[in-house]
Amino acid sequence: QVQLVESGGGLVQAGGSLRLSCAASGRTFTMNTMGWFRQAPGKEREFVAARRGLRPYYVDPVKDRFTISRDNTKNTVYLQMNSLKPEDTAVYYCAAGLSNSPLNMAEYGYWGQGTQVTVSS
């Protein structure tokens, strides 16, 4: 089992920054991929970013604004979000999995509870 706890969400003005954290515990050594997904009201959950080993993956709308990183000493994954836009408003979820396709939500077996990010215009 793997447990994931997100933190760092909040309310920020457009153009601002937030850093989300995802603390992992349990059998984390069985996971090769950590990812971030988001779900806006009335929309389906979508891929945002992932890190499979040392390689990062990003969805195009966030590619030049978000950075995913991992601190193995703390078993924590971060999502640094800069130049935030109102369309980034969503609940952000951390996920962990043993994955060959990091963009595929079905390949993640463990999920956090989510953290709200609200960007005001």
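Every residue in region 67-82 that is at positive phi and either in contact with a Gly (Cβ under 6 Å, 6 or more places away or on another chain) or in a strand (DSSP E or B) (or both), please. Full working, then the answer.
Keep residues of region 67-82 that are at positive phi, which gives 75.
Correct list: empty.
Inside region 47-65, can you point out the residues that are assigned to a loop (DSSP other than H, G, I, E, B), open to solvent by 60 Å² or more (accessible area, probe 1.4 Å) and under 20 Å from Thr118 (Cα atoms)?
Of all residues in region 47-65, those assigned to a loop (DSSP other than H, G, I, E, B) come to 53-54, 59, 63-65.
With the extra rule that they be open to solvent by 60 Å² or more (accessible area, probe 1.4 Å), the set shrinks to 54, 63-64.
Selection gives Lys63, Asp64.
Here's a check for you: in region 32-46, which residue that is open to solvent by less than 40 Å² (accessible area, probe 1.4 Å) and out of contact with any Gly (no Cβ under 7 Å at 6 or more places or on another chain) is farthest from Ala106 (Cα to Cα)?
From region 32-46, those open to solvent by less than 40 Å² (accessible area, probe 1.4 Å) are 33-38, 40; that's our starting set.
Checking the rest, the ones that are also out of contact with any Gly (no Cβ under 7 Å at 6 or more places or on another chain) come to 34-38, 40.
Values: Met34: 13, Gly35: 12, Trp36: 13, Phe37: 12, Arg38: 14, Ala40: 19 Å.
In this case the residue turns out to be Ala40.
Check whether at least one residue in region 80-102 is surrounded by 13 or more Cβ atoms within 10 Å (Cβ to Cβ), among the polar types (S, T, N, Q) and free of Cβ contacts under 8 Å to residues at least 40 places away in the same chain, and report yes or no.
Looking through region 80-102, at least one residue is surrounded by 13 or more Cβ atoms within 10 Å (Cβ to Cβ), among the polar types (S, T, N, Q) and free of Cβ contacts under 8 Å to residues at least 40 places away in the same chain.
Hey, could you check region 103-121 for residues that are open to solvent by 40 Å² or more (accessible area, probe 1.4 Å) and in a loop (DSSP other than H, G, I, E, B) and say which is farthest from Thr33 (Cα to Cα)?
That would be Ser121.
Please indicate, with yes or no, whether at least one residue in region 19-31 is open to solvent by 60 Å² or more (accessible area, probe 1.4 Å) and more than 19 Å from Gly97 (Cα to Cα). Quick ask: steps written out before the conclusion?
At the first step, the residues of region 19-31 found to be open to solvent by 60 Å² or more (accessible area, probe 1.4 Å) are 19, 27, 29.
Checking the rest, the ones that are also more than 19 Å from Gly97 (Cα to Cα) come to 19.
Yes: region 19-31 contains one or more residues that are open to solvent by 60 Å² or more (accessible area, probe 1.4 Å) and more than 19 Å from Gly97 (Cα to Cα).
The values are calculated or read from the model by the stated rules, or taken from the named source; none is laboratory data. All values derive from a computational prediction rather than experimental measurement. Counting neighbours? That spans all protein chains shown, and the Cβs are built from the backbone with ideal geometry, glycine included. Note: accessible area is taken over every heavy atom of the protein model, side chains too, but ligands, DNA and RNA are not part of it. Shrake-Rupley method; radii C 1.70, N 1.55, O 1.52, S 1.80 Å.
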